[in-house]
Every structure is written in C-alpha cells, then in structure tokens.
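Just below is one structure, and these are the notes that go with it.
The values are calculated or read from the model by the stated rules, or taken from the named source; none is laboratory data. If you're wondering where the values come from, they're calculated on a predicted model, not measured in any experiment. With ideal geometry, Cβ positions are generated from the backbone for all residues, glycine too; neighbour counts draw on all protein chains shown. The protein model used for the area step is the full one, side chains on, heavy atoms only, and it has no ligands, DNA or RNA in it. Shrake-Rupley method; radii C 1.70, N 1.55, O 1.52, S 1.80 Å.
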2 protein chains.
Amino acid sequence: MAEIPDRLPSMAEIAARANVNPTSLYRRWGNVSVLATEVAIEHAMRDFPMPDTGSLKGDLTGWADAAAQLLDRSPLLRVLAANIHSNEPGLRERIDALARRGQELELVLARAKARGEPTPSLADVLEVVLAPLYFHVLFFGPVREAGYAARLVDRLLTLASLKTK
Amino acid sequence: MAEIPDRLPSMAEIAARANVNPTSLYRRWGNVSVLATEVAIEHAMRDFPMPDTGSLKGDLTGWADAAAQLLDRSPLLRVLAANIHSNEPGLRERIDALARRGQELELVLARAKARGEPTPSLADVLEVVLAPLYFHVLFFGPVREAGYAARLVDRLLTLASLKTK
DNA sequence: CCGTTAAAGCAATGAAATTTGCATTTAAGG
DNA sequence: CCTTAAATGCAAATTTCATTGCTTTAACGG
C-alpha cells in the first residue's frame, strides 16, 4: 500500500496484492479503513525513526523531512483521523504505539529544554510543522520545495525563542 | 448536508433529503464527492464573508473564527483536497470562484501592507492559521478552546512583524 | 500420530451503490 | 399553443463491497 490516492484501495485489491483471500482480511480487520490504518502505522513506525543529530534544530528538521516524505506516500493522517477513537484492540494498540513514538519527540524537546535552549511544545510542533506539511501535501501535492520542512522548523524555533524573551 | 462525519452521505440520503431521485443526482454530478464538493463550496461562499473590521488583526481573527466554525460543520477541505484538480466544468467554476474569494483575503493583506503594517502573505495565512485549524478539527474535533483561532492569528502577526525587523 | 482449534479459502448470498433503458415531465423558444 | 431538448423519475439490471456457511489447512499440545 503505497502512494496516497483519493480513495483507499479495495479489499479485493489488497487481497490480490498480498495473495490472500479477501474474506480473511474482512474477518481479521473488519473493513479496509482499519486495515489501512494499521498498515500505515506499521510503515510509519518502521520508516520514521526519531533523528538524533545532537541539535534540536537538526533533530526537528530531520523529523520534518521524514514526515514530509511519509505524508507524500502514506494515507496515515487521513486514516488516523478517521480511526483515532477506535476501540478495536489491535488498532488501539497500534495507535497507542504511535503515540508512544510521539513521546520520543517529547523527550527530544525535554532534553533541549533541560539544556536551556528555547523549546517549542509538542503541540507547537504539530501546529507549526506537521499541520502545514499535511495541508501542503493535500492541496499542492508532494513537497517539492527544497528546504520547505526546514523553513517550517525555523519558524517553529523562532517562535520558541520569542517565548523566552 | 451539515456536520462532518467520517463518510460522505450516500446519494440515496441526499436525494431523500432533497426530495429528488438519486438517478438525477448521478446524472448531474456523477458521484457523491463532486456533489459534496460543490455543495460545500456554495455553503462556504455563503457563510464565509470576508470580515471588514478596519484592522488587519480584527479581519484575520474574524476570518479564522469563521474558518474554525466552518471546518467544524463542513467537509469542505476534505472534498476539496480530493477534487482540487478536477476538470469537471461546474466544479471547476466553483473551485475557481472559491479561489477568487480567497483573493479577497489577499486584498485585505495588500491594504494592510499599503498602510505600512507588517503583513503576512496568503501562503502564511494558510500555513499558520488554516492548516492548524484543519488539523485540530481532524484530530481533536471541534475547536472548543476560546481564542484558539485568535492565538493562531497572533502567531501569524508576530511572525509577520519579525519579517520587517 | 491424533485430536482440537483457529485461521484461511471457496462459493454463494446479501446489501448498497451505481448504471441503464425507457417513459414522463419540464422548460425554453418560435 | 406546439415542438424540442433537457431534466427527471421509475424500475430493472449491473457492479462492487461485504457477509455467511461450509470446507480445508495449519499449528499446537498430548
């Protein structure tokens, strides 16, 4: 399941691609949205390591670049938005695992704060970096502008430094 | 067509609500996504006037508040993202009309710039205000925090004022 | 190896969405 | 008013997605 088409692939398509029977998919996942969400989360967890560059700016820029690439290829945020409150056990586990991955970013921010650097909150990262990335991908397609993610991070850090003055 | 459920209503539901036959809807619009997009745009054009408060901050805050309310109720951005490149004539007209409405915001920004005020670009407005609003609605539901939109506008204007220093 | 259980596969069925063909209605123009 | 074209409605047919019932397969433990 790559690319980010307007519609999710059908169960029939996924089953054909995986060489399994659609019935098995339905029985295991219930519907294509839940399956797509779990797959997208698995991919994100695998492909979206938390950078460790030694500087907050480097880490955030690496993270933002990876996010931009991921958003180009994966319906993650779309399916996540649709299933964020699901109580389906397997899905809940994966969503929680993704949230824990998000806590890693929180740790990066906490370490920068402990170093006395001006530090944005995780909510700021979502608002100032991830939201515009997602918006861009939705309406303008893949991020082609070199340094777009870095620019968003610069904006984020600029705002953080204002808070400490 | 109100509210912003995970799925668009079916043609059968829309037809029943409008007291018309589903066949006519399919023949006129082809599919529910195109219809939903046109309806959402019409509603946005009707319900989303461009504020004229005399101050850029007031105008942007009014605009952002209206956007937050709209996003709570309308699948506009979701359907727009799916159909932004459509060549369907009726839809193209409406999308272009919506873009022209967007140019009104550009005028507001241009007037502020002419007054010598620190002014964000339209792209900045989309990135710093609309994208986070949309992200918020998608993942956290309706904006309940009083002043959230105003806070985003403050951030926008803060960034604009930095550019002029 | 055997028995049990869960998962997967197959085919048929069901449900919902969409399309097709034909008839009727509506609206516009002379 | 009449004609014509377009729009709409109705019913049937088709398509696509999803479910159901039964069989087969695979894994595990004794």
Among (1) within 28 Å of residue B:75 (Cβ to Cβ); (2) modelled with pLDDT under 90 - the single one residue A:52 does not satisfy: (1)
The stretch A:67-82, subset open to solvent by less than 30 Å² (accessible area, probe 1.4 Å) and more than 14 Å from chain B (Cβ to nearest Cβ), residue modelled with the highest pLDDT: A:70
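Output the residues belonging to the stretch B:84-97 that are within 12 Å of chain A (Cβ to nearest Cβ) and at pLDDT 90 or above.
Of all residues in the stretch B:84-97, those within 12 Å of chain A (Cβ to nearest Cβ) come to B:84-86, B:95.
Selection gives B:95 alone.
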Test: residue in the stretch A:41-48 that is within 15 Å of DNA strand C (Cβ to nearest atom) and at pLDDT below 95: no
Inter-residue pairs, beta-carbon under 6 Å, first at the interface with chain B (Cβ under 7 Å from one of its Cβ atoms) and open to solvent by 30 Å² or more (accessible area, probe 1.4 Å) and in the stretch A:129-158, second in a helix (DSSP H, G or I) and at pLDDT below 95, 6+ apart: A:138/B:81
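Whether any residue in the stretch B:29-37 is within 13 Å of DNA strand C (Cβ to nearest atom) and among the polar types (S, T, N, Q) is what I want to check. Steps first, please.
Quick first cut of the stretch B:29-37, residues within 13 Å of DNA strand C (Cβ to nearest atom) only: B:29-36.
Next, from what is left, pick out any that are among the polar types (S, T, N, Q): B:31, B:33.
Yes, the stretch B:29-37 has at least one match.
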Residues located in the stretch A:83-108, provided they are open to solvent by less than 30 Å² (accessible area, probe 1.4 Å), among the polar types (S, T, N, Q) and over 14 Å from residue A:40 (Cα atoms): A:86
Residue ranges of helices (runs of 4 or more DSSP H) in the stretch A:1-106 with at least 3 members under 28 Å from residue A:156 (Cβ atoms) and under 13 Å from the mean Cα position of the chain (by Cα): A:32-47, A:56-73, A:76-83
Check on residue B:60, of a type outside the set (Lys, Arg), more than 15 Å from DNA strand C (Cβ to nearest atom), more than 14 Å from every other protein chain (Cβ to nearest Cβ) and open to solvent by less than 30 Å² (accessible area, probe 1.4 Å): yes
In the stretch A:1-40, the residues that are at pLDDT 90 or above, within 30 Å of residue A:147 (Cβ to Cβ) and surrounded by fewer than 16 Cβ atoms within 10 Å (Cβ to Cβ): none
Residue in the stretch A:101-109 that is under 24 Å from residue A:72 (Cα atoms) and within 14 Å of chain B (Cβ to nearest Cβ) present: yes
